[in-house]
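As structure tokens, the structure follows; a few thoughts come after it.
Please treat every number below as a calculation from the coordinates, not as lab data. Treat the numbers as computed from the prediction; the structure is a model and nothing was measured. We place every Cβ from the backbone using ideal geometry, glycine too, and count neighbours over all the protein chains shown.
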Amino acid sequence: MRVNRWWIGLLLAVVTVLTSCRYAEPDYSGWNLTREQRDSLEFRATHHYGVNYNFQVLADSLPLRQMLSADSLWLYRGDVLVVADYAVMTSDTAHAVWIKVARDQDTMGWIAEDRLLDNVVPIDPISRFIHWFSSLRTRVFLVVVGAFILFYLYRRSRRDARRSLRAQHIDSIYPVLLCCCVVLAATLYASIQRFAPETWVHYYFNPSLNPFALPPVLALFVLFVWGMLLVSLALVDDLFHQADFSTSFFYLLGLGTLCIFLYLLVTWSVYYYVGYALVLLFLAMAVRHLLRTCMGAYTCGHCGARLPHKGVCPHCGYDNI
């Protein structure tokens, strides 16, 4: 019965959040607009960008068609473009939407929307980070894992691996809190991608770090991202007060590996729905660990570790009388 209640509560929470995650489409029926203005607003609402929107070219080269010439103009990596116009070609079955972009007054032309979006990125730094992380997250994971393994082998070669493993017992709640923020943010991200992908597309083209300007589910996602940043800062400060630089750096590499692994696991498993059960299991274990960690009634006067009673500290050996 308890398991059923957990599942019912989870499903209700997911349905409630996801049904309120879509951007409301504006109603222009009562507005005094020209046909061109109405079309422009509707295009921005459905395509999530519009005239005067800026992109940066990612491809090595990108051709543009000129209206009155058979020649092509070429754009190159790093060029900044502005959307000057758009056209919906009902007779063109291959490319229905064409976008007119301009690099400068002498370089402007038309390109199919799908080809444009495959080779550019919005100039907003948040959009650029989303594009970069989405494209390279697996490589980032492999790089962090590789750095962790190399650093571990280096420490082992210096015959201080055993001492390092003992020193890694960091008495802090921040690592668990950071993992919880990562897991919850990954769950929301994967749920949006699974159930409301257009909402994420709109956020990609129009990002914001202000949770009060976003739908509820995106506001929660941004809050967890802020939580990851704040908890990370607190963790670094707490960590370097408890251990030396080498041990702290080694611990952060291992924690970073775990966080990226949790992110990849959750985003993959949520797509098949089994991820929600894994998230519940992880959160239950995390809460249990936090409660057990916070139960210490005393603090070591030498290293600051929490102690269940007075006496010799099991971490540093200091006698707390």
Checklist entry - For the stretch 47-59, what does the Karplus curve 6.51 cos²θ - 1.76 cosθ + 1.60, with θ = phi - 60°, yield as ³J(HN,Hα) per residue in whole Hz, taken in order and with x for Gly and Pro? => result 9, 6, 8, x, 4, 6, 6, 10, 10, 10, 6, 9, 6
Next on the checklist: Once you order the gyration tensor axes a ≥ b ≥ c over the Cα atoms, which shape class does the stretch 122-320 get: rounded for a/c under 1.5, otherwise prolate or oblate by comparing a/b with b/c?
Outcome noted: prolate
Checklist entry - Amide H neighbours of Asn320 under 5 Å, counting only residues 5+ apart in sequence or on other chains, H built in-plane at 1.01 Å? => result Gly311, Val312, Cys313
Checklist entry - Among 251-261, 72-82, how do they line up from the highest to the lowest mean number of other beta-carbon atoms within 10 Å? => result 251-261, 72-82
Checklist entry - Can you list residues whose amide H is under 5 Å from Val120's amide H, if they're 5+ apart or on another chain and H is modeled 1.01 Å from N? => result Leu58
Item to check | Most to least packed among 45-55, 187-197 [average Cβ atoms within 10 Å] | outcome: 187-197, 45-55
Checklist outcome for this item: For Asn54, placing the label point 7 angstrom along Cα-to-beta-carbon and taking the stretch 103-139, residues whose amide nitrogen sits under 12 Å are 122-125
Checklist entry - In the stretch 177-200, which residues have a backbone nitrogen under 20 Å from the label point lying 7 Å from Leu233's Cα in the Cα-to-Cβ direction? => result 177-182, 185
Item to check | Pairwise FRET efficiency - Leu258 versus Lys310, Cβ, R0 = 51 Å, nearest 0.05 | outcome: 0.95
Next on the checklist: Can you order the peptides 136-149, 115-128 by their average number of other Cβ atoms within 10 Å per residue, highest first?
Outcome noted: 115-128, 136-149
